[in-house]
Amino acid sequence: MFDTKLTRRSVLVAGATTALAMPFVRPSWAAPDTVRALMWEAYLLPDQITAFEEANKVKFVPSFFDGNSEAYNKLRVGGSKEFDLVQADGFWPQLYFREGLLRAVDYSKVPNASGYLPEFEAEAFKVLSDPKSGKKIGFPFCWGAYGITYDAGKVQPERTETLECMFSSDYSGMLSTSARFEENIALAALLVTDRLGSRDKPRPDGKPFNPYVLSDEELAEVEKLLIQQKSLLLTRYQDNPTLFQLLQSGAVVAATEFAQVFRQLLTAEAQGAAPVDFRHALKMKEGGLGWVDTWLVTSGVQDGAKFDLCNSFIDLMISPAVMKKIGEVAGCSTTVDLRSISNETERKLFLMDRSNEIADLFMFDQPSSPEKWERVWSNVQAA
Amino acid sequence: MQDANLQRRLILNIPTAFLLLFFVLPLTALVVLSFWQTENYKIVHDWTLMNYTTLATEGAYITFFLRSLVMAVGVSVTLVALAWPIAYFIVRYGGRYRIIFSLLLVIPFLSGEVLRLIALQGMLGPAGLVNGALIRMGAAPLRMIMYSNAASFIAFIYLYLPLVVTTVYLSLINFDFRLAHAASACGANRFRIFTEVVWPLNLSGTIVGFMLAFIPTLSASLVPRFLGGPNGTLYGMSMAQQFGESGTWALGAAMGVVLFLFSAVALAILSYGVDLRRTGFTGLGRQ
């Protein structure tokens, strides 16, 4: 049936087939050759990645996402075997763990985990523990809020003590919010529930108030409020550089953001840009939204060389020197205590002495009903 | 003989397999998904018409579709109106530089669409070239070109003008201008020559150009995202949201199917006016 004669053609065919198959054939005992991460692009430091690749003789393969729901979708569709490391914030890691997308982690295998600020130490930071088993499910990385960055020359600081500031016609055409629908709805929900006084009433999920779990009545009010806000907005920015330009040019005087642009504006001023009194309100009287970005290990990673490699990567990422660099590049506050290697200005700029305020913020979470929230957002966009 | 057969089969089978794999199969998956539902980022495999009912009854999606339709018609008509004089000028007066002029039209395509949009965002934005200059001259900035449907309109014109000009150019370059001279010799004025000779005989190329602008504008998601502002959400952008941040894939799939069907019908209707031999795409030259 098969031609077994050894001819030049058969040798060439066999050789070519073997050569083509080689990249896919690896002995089971071989060391892992890649680390695949689903992460935020802002946290990618090329020089550190190169150093990691050279030190461990592996290739780092990043994939990027913007919002948590997008990462969640990618992780679910691709399965946890597509990625080794993943980033998420707020309560999302708990959801990932519940769904079997993550594995438990071991802080003792990541030496730099001993350098966390008190609020983010393993025992204190419960958001990264599985409520049922108590297992640790990830490592805190950067933290921040979804506060208001404003030009104090045009917006009085006391006006930013309340979320009403972002819905005031006094600043018509000079306001901006991010294009992310979850945070727009959740932030408006803080104002709506405060106005309605519905926070202390029984909640739809029977748990304490969470702006990501809303009743239909509250959602309807949120929709109305966001429609009213539309006429006051210059735009919903897609990325930080756009917001930076809008604030620096004076076209926007107040915007909700993750404080990253605020820091970039101050850095630009220190480097010679025209001085403007930019400030950032972390939490308003109605409350505020907070986030802690994390590094998580997917359930596709088994104990052994791959898990060690993941731990080694996380250890590098949360080392003080790298964290400081990430803070500067991405403009975020870090969960690692960098006070001993930072000057007074940096301590203020990166809120190093205000990390305890994270406890008062509502953590980013999954919308109670993505379908209902999507409808609200579509109605707002179409209005 | 056998070799010729094999060659013919390869020539036919490779593109057929490609189309089946990358067009028919994904489209089938999209159609199937559109009859399911998503709940909390999970696909529920229950057959339902709910997504289509939502699209037909919810005001928001109807608004997105109508906005996109008006935008697509407006953009395509404007592009045809702009492209004609440009293409006509190149063909009639370009002389030996005609080919260079037509190649110049391709230059914007050497950069990515996102890059071109970001550049445009910088130009039309509050601190951009236009408004920056106005402010420096002491005038008020033009609010209508900042994050608005007008800004999206300008972007579409900028993005698709080269396509439409090229199509009309290809049509005109294959057109026998002796016919226009004959009409002139018979006493027809310029307007009549254009409306009764030049325009009808180049209608095919014009319709192809129209469609090349109409369909991508109808489904556009990047332009409204970068430039549309709070009131500029178009159908394609909303559809992209369903697959991205909101994770309501089944509704997004239904939106995709509706868009595909509408585009196919529009294409079919307009195709009646197309005689491919006159478009310049056949390589047959003048017939």
What percent does the relative contact order of region A:84-228 come to when contacts are Cα pairs within less than 8 Å and at least six residues apart?
15 percent
For each pair in A:K74/A:K285; A:K109/B:K42; A:K135/A:K348; A:K325/A:K348; A:K59/B:K42; A:K154/A:K325, compute the distance between the two Cα atoms and list the pairs where it is over 27 Å.
A:K74/A:K285; A:K109/B:K42; A:K135/A:K348; A:K59/B:K42; A:K154/A:K325
Along region A:102-119, what does the Karplus equation 6.51 cos²θ - 1.76 cosθ + 1.60 (θ = phi - 60°) give for ³J(HN,Hα), rounded to whole Hz, x for Gly and Pro?
10, 10, 5, 10, 10, 5, 5, 8, 10, x, 5, 5, 6, x, 5, 5, x, 5
Over region B:24-278, the quotient of the Cα radius of gyration and 2.2 N^0.38 Å is 1.21
List the cysteines in chain A whose Cβ has no other cysteine Cβ under 4.7 Å from it.
A:C165, A:C310
Using Cα pairs closer than 8 Å and at least 6 residues apart in sequence, work out the relative contact order for chain A, in percent.
27 percent
What length, rounded to one decimal in nm, is gained on full extension from B:I43 through to B:D3, with 0.36 nm per residue of separation minus their alpha-carbon distance?
9.5 nm
A correct Kirkwood calculation over the Cα atoms of the protein assembly as shown returns a hydrodynamic radius in Å of 28.7 Å
Using alpha-carbon positions, what is the distance between the centroids of region A:313-345 and region A:115-129, in Å?
16 Å
Taking amide H atoms as placed 1.01 Å from N in the peptide plane, list the residues 5 or more away in sequence, or in a different chain, whose amide H sits under 5 Å from that of B:N40.
A:E371
Go through A:F364, A:Y150, A:S168 and say which Cα lies farthest out towards the positive end of the charge dipole of chain A; charges sit on Cβ, +1 for Lys and Arg, -1 for Asp and Glu.
A:F364
Could you give the radius of gyration (one decimal) and Dmax (whole number) of the Cα atoms in region A:258-383, in Å?
18.8, 54
Any idea what the relative contact order of chain B is, in percent, if you count C-alpha pairs under 8 Å spaced at least 6 apart?
27 percent
Report, ordered by chain and residue number, the aspartates and glutamates lying within cross-link reach of A:K306, taken as a straight Cα distance under 20 Å and ignoring same-chain residues fewer than 8 apart.
A:D33, A:E53, A:E54, A:E82, A:D84, A:D106, A:D315
In debye, nearest 20: dipole of region B:24-278 around its Cα centre with unit charges on the Cβ of K, R (+) and D, E (-)?
1000 debye
Taking A:C310, A:C142, B:C186 and counting other beta carbon atoms within 10 angstrom, the fewest-first order is B:C186, A:C310, A:C142
Residues meeting the amide H criterion for A:A179 (H placed from the backbone, H to H distance under 5 Å, 5 or more places apart or on another chain) are A:Y237
Listing A:E221, B:E196 by rising number of other beta-carbon atoms within 10 angstrom, fewest first, gives B:E196, A:E221
Read phi for every residue in region B:16-32 and hand back ³J(HN,Hα) as whole Hz from Karplus 6.51 cos²θ - 1.76 cosθ + 1.60, θ = phi - 60°, with x for Gly and Pro.
5, 4, 4, 5, 4, 6, 9, 10, 5, 5, x, 5, 5, 4, 5, 5, 4
Quick one: 3J(HN,Hα) in Hz for region A:86-95, Karplus 6.51/-1.76/1.60 with θ = phi - 60°, rounded, Gly and Pro as x.
9, 10, 7, 9, x, 8, 4, x, 4, 5
Less than 14 Å Cβ to Cβ from B:A250, Lys/Arg counted +1 and Asp/Glu -1: what total charge do the surrounding residues give?
-2
Using a 10 Å cut-off on Cβ atoms, rank the peptides A:248-260, A:36-48, B:87-99 from the highest mean neighbour count down.
A:248-260, A:36-48, B:87-99
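Throughout, read-outs are computed from the coordinates displayed, never taken from laboratory work. Keep in mind the model is a prediction, meaning the values are calculated, not measured. Cβ: placed from backbone, ideal geometry, glycine included. Neighbour counts: every protein chain shown.
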